[in-house]
Amino acid sequence: MDFLKTLGVEEINYGSSTGQEWGSTEDAGELKVSSPNDGNYIATVKQANEKDFERVMEKADAAFKEWRMVPAPKRGEIVRQLGDKLRAYKEPLGKLVSYEMGKSLQEGLGEVQEMIDICDFAVGQSRMLYGFTTHSERPGHRMYDQYHPLGVVAVITAFNFPVAVWAWNTALAAVCGDVVVWKPSSKTPLTAVAVQKIAAEVLKENDLPEGIFSLIVGRGSTVGELMLTNEKVALVSVTGSTPVGRHAAEVVSKRFGRTILELGGNNAIIMTPSADLKMAIPAVVFGAVGTAGQRCTSTRRLIVHESIYDKVKNSLVNAYETIKIGDALDSSNHMGPLIDQSAVEDYKRAIDRVKQEGGSVVFGGEVLEGAGYESGCYVKPTICEAKNEYEIVQEETFAPILYLLKYSGEVENAIEIHNGVKQGLSSSIFTTNLKESEKFLSHAGSDCGIANVNIGTSGAEIGGAFGGEKETGGGRESGSDAWKAYMRRQTNTVNFSDDLPLAQGISFDV
């Protein structure tokens, strides 16, 4: 395919790179990557081993010592150039994202646009790494806070956003003076190889040291564990399941390292009696069906007031009937395949469990077969009537399954249902009642890191901090003041007097 050639993706690729040099390991296993779109083989990546990781870390550590001394606005200039490179490669990279992962072409291109947007954001941030001053209680003293580069940042990404999450972390980390070692999902390593080559062009054109942007494709049990335990890795950013994040947090915390955790979501939309259904229905459908339900912000629960429940259910069924499913590279399709057969099995098990617990399927529930669906990864988006207390509803199933939940009475009852899960990523309410929307956003409202009014749960902008609470992990990436996680904070006191007064009025004469 032309986009593979444009991006420099070979039939055989190696899984480690320091920015200029690629590894040559042959004996650590290989990933033969096939597209969930059509089942066809794309290319192979030779996995890296422990020695490759050590080499990458050695280069990264050396690069950090040089990179941290580059003025932040000049680091921002390098990130600006990275954004321009991504603009130039947007179409082929977007196609690769779509073909390797299975999301629609529009979403694949949109994911690359997110990379471009965060680069633009980070360029501005490079001139706004603000500390602050405060008044000292001691005469002739000045106190202030400042932020310093942190070190080597390890970024572990998931298959569903194979390139955007790397950019969210890397653009900010780079302007903060950090260097990045990236471990992508083994399900989508080709997009990582392509992005690494794009980043390497920027390093080469600016005569910068290798090791600022590095890649390691390997087993979680080997190179993944080394990332978690290595003392030189100052921060580990993990996007993945709650069990994966819990393990990472436990291991990294034992050595007093830092983590940014972006884990599971069980996102809900509340629809009150005053909801504008012309806005709400499309938002629910995109949230539940987009990326085949494989976004961490996908809408999984819809909490509807009993007075409009039947109307909403019928409207959703009618909308689902219009969803076009098929070739992800065909921009007229709304939904492509699930990532692999394992995801299909999870989809089937979840539907069986809903039925076993007393729920019913309102729409969908089928694996699609026949022409155009040869990969076996295509499913029909599904609507189920259920109850919030069902065990399966309490879990996150990475598939296009929407649970319809009914509530009665006031909006507080809906909020209680909404908050009655262990995850806390994204949330939304559709209402034209000001009091209801404000209650949802209040201290007693949504317990999620993201809470929206009259827009869906999916599709966060890079300008806001992204992340969630509870078993979602508490991490924040992207906009707002998320940059502070990539730096170490230091409080400074300067005595410009001729005396040495002590704080708290303590006297210590010698």
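The values are calculated or read from the model by the stated rules, or taken from the named source; none is laboratory data. As the structure is a prediction and not an experimental result, all values here were calculated from the model. Positions of Cβ are backbone-derived with ideal geometry, glycine not excepted, and every protein chain shown enters the neighbour counts. Heads up: the accessible areas ignore ligands, DNA and RNA and are worked out on the full protein's heavy atoms, side chains in. Shrake-Rupley method; radii C 1.70, N 1.55, O 1.52, S 1.80 Å.
Return the Rg/Rh value of segment 69-185, two decimal places, where both radii are evaluated on C-alpha atoms and Rh is the Kirkwood radius. Walk me through the numbers before you get to the answer.
Values: Rg = 17.9 Å, Rh = 15.7 Å.
So for segment 69-185, dividing Rg by the Kirkwood Rh gives 1.14.
Pop the C-beta distance of K5 and M279 into the FRET formula with R0 = 41 Å and round what comes out to the nearest 0.05.
Working: r = 43 Å, r/R0 = 1.05.
The formula returns an efficiency of 0.45 here.
How do 256-262, 289-295, 437-443 rank on mean C-beta neighbours within 10 Å, highest first? Mind showing how you got there, number by number?
On the way: 256-262: 20.3, 289-295: 25.6, 437-443: 15.6.
Highest mean packing first, the order is 289-295, 256-262, 437-443.
Can you list the residues of segment 16-41 with backbone N under 20 Å from a point 7 Å past the Cα of E205, pointing along Cα to Cβ?
Once the point is set 7 Å along Cα→Cβ of E205, 18-21 turn out to lie under 20 Å by backbone N, inside segment 16-41.
Report the charge-dipole magnitude of the chain in Debye, nearest 20, computed about the Cα centre from +1 at each Lys and Arg Cβ and -1 at each Asp and Glu Cβ.
Working: 51 positive and 67 negative charges, 95 e Å.
Dipole about the Cα centre, nearest 20: 460 debye.
What is the Cα radius of gyration of segment 464-505 over 2.2 N^0.38 Å, N being its residue count?
Values: Rg = 18.7 Å, N = 42, 2.2 N^0.38 = 9.1 Å.
Against the empirical 2.2 N^0.38 Å value, I get 2.05 for segment 464-505.
Can you compute the helix-only [θ] at 222 nm over the chain? Use -39500 (n - 2.57) per DSSP H run of at least 4 residues, normalise by all residues, nearest 500 deg cm²/dmol.
Working: 15 runs with 183 residues, N = 510.
Counting only the DSSP helices, I get -11000 deg cm²/dmol.
Give me the net charge for the shell around G372: Cβ to Cβ below 13 angstrom, other residues only, Lys and Arg +1, Asp and Glu -1.
Details: positive: K324; negative: D38, D327, D330, E369, E374.
Spelling it out: positives minus negatives among the neighbours equals -4.
For segment 216-315, state the average projected area of the convex hull of the C-alpha atoms over all orientations, rounded to one decimal in nm². Please report the intermediate quantities before stating the final value.
Values: hull surface 34.7 nm².
Approximately 8.7 nm², given one-decimal rounding.
Between D509 and E469, what is 0.36 nm times their sequence separation minus the Cα-Cα distance? Round to one decimal in nm. It would help to have the intermediate numbers written out before the result.
On the way: separation 40, 0.36 × 40 = 14.40 nm, distance 5.02 nm.
Between D509 and E469, full extension yields 9.4 nm more.
Please list log₁₀ I(q)/I(0) at q = 0.11, 0.12 Å⁻¹ for segment 364-510, using the Debye equation with identical point scatterers on the alpha-carbon positions.
At q = 0.11, 0.12 Å⁻¹ the computed log10 ratios are -0.64, -0.71.
For E26 and V453 in the same chain, what is the full-extension length gain: residue separation times 0.36 nm, less their Cα-Cα distance, in nm? Walk me through the numbers before you get to the answer.
Numbers: separation 427, 0.36 × 427 = 153.72 nm, distance 5.20 nm.
Full-extension gain reported as 148.5 nm.
To test your reading of the geometry: what angle, between 0 and 90 degrees and rounded to tens, separates the Cα axis of helix 105-125 from the longest principal axis of the chain?
Long axis of 105-125 versus the principal axis of the chain: about 30 degrees.
Pull out a ≥ b ≥ c, the square roots of the eigenvalues of the alpha-carbon gyration tensor of segment 138-216, then state rounded if a/c is under 1.5, prolate if not and a/b is larger than b/c, and oblate in the remaining case.
prolate
Which whole-number value in Å² is the accessible area per residue of segment 247-347, probe 1.4 Å?
Working: 3710 Å² over 101 residues.
Spelled out: the 1.4 Å probe surface of segment 247-347, per residue, equals 37 Å².
Which sequence of K278, K59 reflects their accessible areas, 1.4 Å probe, from the largest down? Mind dumping the intermediate values first?
On the way: K278 180, K59 70 Å².
The ranking, largest first, comes out as K278, K59.
Need one number: nm distance between label points at E58 and S480, each 7 Å from Cα along Cα→Cβ, rounded to one decimal.
4.2
Residue-wise, which Karplus ³J(HN,Hα) couplings in Hz belong to segment 21-28, taking 6.51 cos²θ - 1.76 cosθ + 1.60, θ = phi - 60°, and x for glycine or proline?
Values, residue by residue: 9, 9, x, 9, 5, 10, 10, 9 Hz.
Can you tell me the Rg and the Dmax, both Å, for the Cα atoms in the chain?
Cα only, the chain: 24.4, 90 Å (Rg, Dmax).
From the residues A63, W22, A43, which one has its Cα farthest along the dipole of segment 1-91 in the positive direction, the dipole being from +1 and -1 charges on Cβ of Lys/Arg and Asp/Glu about the Cα centre?
Farthest towards the positive pole: A63.
So what's the angle, to the nearest 10 degrees on a 0 to 90 scale, between helix 277-289 and the longest Cα principal axis of the chain?
70
Can you compute 3J(HN,Hα) from phi for each residue in segment 467-474, using the Karplus curve 6.51 cos²θ - 1.76 cosθ + 1.60 with θ = phi - 60°, rounded to whole Hz and x for Gly and Pro?
After applying 6.51 cos²θ - 1.76 cosθ + 1.60, I find x, x, 10, 6, 6, 6, x, x Hz.
How much accessible area does K484 have with a 1.4 Å probe, in Å² rounded to the nearest 10?
The value for K484 is about 80 Å².
In the chain, with Lys and Arg counted as +1 and Asp and Glu as -1 at Cβ, which of these residues, V379, H135, L261, has the Cα nearest the positive end of the dipole, that is, farthest along it?
H135
Apply the Debye scattering formula to segment 132-181, with a single equal point scatterer on each alpha-carbon and no solvent, then give log10 I(q)/I(0) at q = 0.21, 0.22 Å⁻¹.
Calculated log10 I(q)/I(0) at the listed q: -0.74, -0.78.
With bins 5 Å wide starting at 0, give me the P(r) of segment 364-429 over every alpha carbon pair, in whole percents.
3, 14, 20, 22, 14, 10, 8, 6, 3, 1
Can you work out ³J(HN,Hα) from phi for every residue in segment 218-235, in order, using Karplus 6.51 cos²θ - 1.76 cosθ + 1.60 and θ = phi - 60°, giving whole Hz and x for Gly and Pro?
Working through the residues one at a time gives x, 5, x, 6, 10, 5, x, 5, 4, 4, 6, 9, 5, 5, 7, 8, 6, 9 Hz.
Dividing the convex hull volume of the Cα atoms of segment 288-390 by its residue count, what figure in Å³ per residue is obtained?
Numbers: hull volume 11.6 nm³, N = 103.
Given the Cα convex hull of segment 288-390, per-residue volume reads 112 Å³.
Rounded to the nearest percent, how much of the accessible area of the chain (1.4 Å probe, protein heavy atoms only) is carbon and sulfur?
50
What ratio of Cα Rg to 2.2 N^0.38 Å holds for segment 1-80?
Numbers: Rg = 16.7 Å, N = 80, 2.2 N^0.38 = 11.6 Å.
Here the Cα radius of gyration is 1.43 times the empirical estimate.
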